[in-house]
Amino acid sequence: MEIKSTEDKAERVQLSEAEWERRYQLEKEIQEIFVTEEMYWQKQGGEKWILKGDSNTSFHKCANGRKRKSTISSLEDEDGVTTDFEELKKHIMEYYKKLFGREETAEIHLRDEIWDSSQRVTEEENERLTHQLSLEEIDAALKEIRNNTAPGPVGLSIEFFK
């Protein structure tokens, strides 16, 4: 209050040296109060941190709890329960390979006389259609496919394959 009234007075009239000294003394006292208060809160914060941990600790407790909940520690199948980490990885990989892997197709054959020779695939065409694809060809084909599309009936987006 006193500082504010001194400032208001300084805007209207010239302050004496004693008034300026009083104003600076008041500012110094306020600074000391701020420093004391800051030290108090640092001390309180330090005690709280030692006793309860910082605010990040509660985040880590939550994240670690979620990790514990979502961690697969064992799996049961027809052979029994698997708990070994390497066996779990192997079991999960085999499951998804079987789930997303190639489906066995039935061998279906058509009689040779169904199509005449002009409608049949030649040996050269057959080789082109059934040749082993290189990684470069697969990569080029994947890059040409638009994102946010599902190229097959499984419904997996192209980002899954990329």
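If a residue has to be exposed (fewer than 11 other Cβ atoms within 10 Å of the Cβ) and not in a helix (DSSP H, G or I) to count, how many in region 1-46 make the cut? Looking only at that region, the number is 4. Residues that are in a helix (DSSP H, G or I) and of a type in the set (Val, Ile, Thr) within region 87-141 comprise Ile92, Ile114, Thr130, Ile138, listed in sequence order. Each residue in region 40-78 was checked for being at pLDDT below 80 and of a type in the set (A, V, I, L, M), and 3 of them qualify. Residue pairs whose Cβ atoms lie under 9 Å apart, sitting 6 or more positions apart in sequence or on different chains, and linking a residue in region 141-153 that is closer than 22 Å to Gly101 by Cα to a partner that is among the hydrophobic types (A, V, I, L, M, F, W, C) and assigned to a loop (DSSP other than H, G, I, E, B), are Ala141/Leu133; Ala150/Leu156; Pro151/Ile145.
The values are calculated or read from the model by the stated rules, or taken from the named source; none is laboratory data. Quick caveat, the model's predicted, so the values are computed rather than measured. A quick note on method: Cβ atoms are made from the backbone with ideal geometry, for glycine too, and the neighbour counts reach across all protein chains shown.
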